[in-house]
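None of the figures in this text is laboratory data; all of them are computed from the coordinates on show. No experiment lies behind these values; they were computed from the predicted model shown. Here the Cβ positions follow ideal geometry from the backbone for every residue, glycine too, while neighbour counts run over all protein chains shown.
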Amino acid sequence: MRIRSSGNGSEVITKLSGGNQQKVLLGRWLESGAKLLLLVEPTRGVDVGAREEIYHLLRELARSGHGILIASSDYEDITQVATRAFVMVRGRIVRALPQEEIDVARLTEVAGGGSSD
């Protein structure tokens, strides 16, 4: 998981950076044997380097057979890891996008009330 700590591994999780906290939590679920992960805003509050590590880890987990469901308002999260995206507006799904249609511009258009065909 490449968790960085200034201690010897016994550091309290709240003393870690946001990215390392996220990786610890992911590691806990993986250690439990979970094959389906539900992640809400998985990169909120983390720096660019930690984001890339989390994206890489999620892609690897998906390739190894894990199911991953991400709820995020950060379009970068979606464009980096999603193979399908369901755009919700006011609690309703307005559009399902296949992987080849997932980009920031398309997500912005659909979420903003553009095309919902």
Inset, instruction - Normalising by the residue count of segment 13-74, find the relative contact order in percent from Cα pairs under 8 Å and 6+ residues apart. - result: 43 percent
Legend entry - Extension gain (nm, one decimal) between Val40 and Phe86, 0.36 nm per residue minus Cα-Cα: 15.1 nm
Inset, instruction - Counting helices only, and only those DSSP H runs with n ≥ 4, report the 222 nm mean residue ellipticity of the chain as the sum of -39,500 (n - 2.57) divided by its residues, in deg cm²/dmol to the nearest 500. - result: -11500 deg cm²/dmol
Legend entry - Förster-model FRET efficiency, 25 Å R0, Thr14 and Ile93, C-beta, rounded to 0.05: 0.10
Inset, instruction - Would you tally the net charge around Val81, using a Cβ to Cβ cut-off of less than 14 Å, leaving Val81 out, and scoring K and R as +1, D and E as -1? - result: -4
Legend entry - Crossing angle, helix 18-31 versus the chain [Cα axis fit, 0-90 degrees, rounded to tens]: 90 degrees
Inset, instruction - Would you grab the residues whose amide H sits under 5 Å from the one on Ser72? Only those 5+ places off in sequence or on another chain, please, with H modelled 1.01 Å from N. - result: Glu41
Inset, instruction - Quickly work out the Ser32-to-Arg59 label distance, labels modelled 7 Å from Cα along the C-beta direction, and quote it in nm with one decimal. - result: 2.7 nm
Inset, instruction - State, as an integer percentage, the relative contact order of the chain based on alpha-carbon contacts under 8 Å between residues 6 or more apart. - result: 18 percent
Inset, instruction - Tabulate in residue order the Karplus-calculated ³J(HN,Hα) for segment 82-96, using 6.51 cos²θ - 1.76 cosθ + 1.60 with θ = phi - 60°, rounded to whole Hz; enter x for Gly and Pro. - result: 7, 9, 8, 9, 10, 8, 10, 10, 6, x, 10, 6, 9, 6, 9
Legend entry - Karplus-derived 3J(HN,Hα), 6.51/-1.76/1.60, for each residue of segment 46-60, Hz, glycine and proline x: 10, 7, 4, x, 5, 4, 4, 5, 5, 4, 4, 4, 5, 5, 5
